[in-house]
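The values are calculated or read from the model by the stated rules, or taken from the named source; none is laboratory data. Because the structure is a prediction, the values reported are computed rather than measured. Please note: Cβ atoms are built from the backbone with ideal geometry, for glycine as well, and neighbour counts cover all protein chains shown.
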Amino acid sequence: MEQDVTELKPPLPPCPPWCTGAHGAEPPWHGIPWHESRPVVLDVRTGPVTVRFVTGIVQYPADPDPDRRHVLAWSHMTARVQMARPSDVVAFADMLTDYAGRLREVADELVIAQQQEQARVEADLKNASREG
Ligand SMILES: [Zn+2]
């Protein structure tokens, strides 16, 4: 279910197309709401191996620091790896290879998201100069 972004303080600009509408865990990080994509998640559970990779696109458009309002990708990994059999290592390698392909897709999505953000910023500037 989409959250009503008008209830967040400071208010968020309208959601970009890549935003899921989830806007992070409640309460928002440091009181700053953010836009976020659906994360790309890899859970590896092969024998004694437990690995989790989470990667997504995020933006803090209301951050007081303008340098931190850019659209960017983030990635987080937790790992506990103990591979007893050669087949465990091969399975782990196969999953990492697959995940690398999914990361390349996130890179393509980030190109589009940053282009959309640049267009939005330029449109805002154009509107502001017309109104001012
Ligand atoms: Zn959003």
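Please work out if Asp94 is among the acidic types (Asp, Glu), assigned to a helix (DSSP H, G or I), modelled with pLDDT of 85 or more and away from the ligand (no atom under 16 Å from the Cβ).
For Asp94, the condition - among the acidic types (Asp, Glu), assigned to a helix (DSSP H, G or I), modelled with pLDDT of 85 or more and away from the ligand (no atom under 16 Å from the Cβ) - is met.
Could you list, in sequence order, all residues of the range 52-75 that are over 19 Å from the mean Cα position of the chain (by Cα) and part of a strand (DSSP E or B)?
If the condition is that a residue be over 19 Å from the mean Cα position of the chain (by Cα) and part of a strand (DSSP E or B), then no residue fits.
Go over the candidates Val81, Val106, Val90 one by one and state the one that is β-branched (Val, Ile, Thr), without any contact (Cβ under 8 Å) to a residue 24 or more places away in the chain and out of contact with any helix residue (DSSP H, G or I) (no Cβ under 7 Å at 6 or more places or on another chain).
Just a single option satisfies the conditions, and that option is Val90.
For the structure I just gave you, tell me whether Thr78 is more than 11 Å from the ligand (Cβ to nearest atom), more than 12 Å from the chain's Cα centre (by Cα), modelled with pLDDT of 80 or more and exposed (fewer than 10 other Cβ atoms within 10 Å of the Cβ).
In short, yes.
Just one of Gly47, Gly24 is surrounded by 12 or more Cβ atoms within 10 Å (Cβ to Cβ), farther than 30 Å from Glu122 by Cα, small (Gly, Ala, Ser) and modelled with pLDDT under 85; which is it?
After ruling out the rest, the residue left standing is Gly47.
Looking at the range 64-78, which of its residues are over 20 Å from Ile112 (Cα atoms) and either in contact (Cβ under 8 Å) with a residue 60 or more places away in the chain or not hydroxyl-bearing (Ser, Thr, Tyr) (or both)?
Pro64, Asp65, Pro66, His76, Met77
For (1) surrounded by 17 or more Cβ atoms within 10 Å (Cβ to Cβ); (2) aliphatic (A, V, I, L, M), each residue gets a yes or a no:
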{"residue": "Pro61", "(1), (2)": "yes, no"}
{"residue": "Ala73", "(1), (2)": "yes, yes"}
{"residue": "Thr97", "(1), (2)": "no, no"}
{"residue": "Asp108", "(1), (2)": "no, no"}
{"residue": "Gln116", "(1), (2)": "no, no"}
{"residue": "Asp124", "(1), (2)": "no, no"}
{"residue": "Arg130", "(1), (2)": "no, no"}
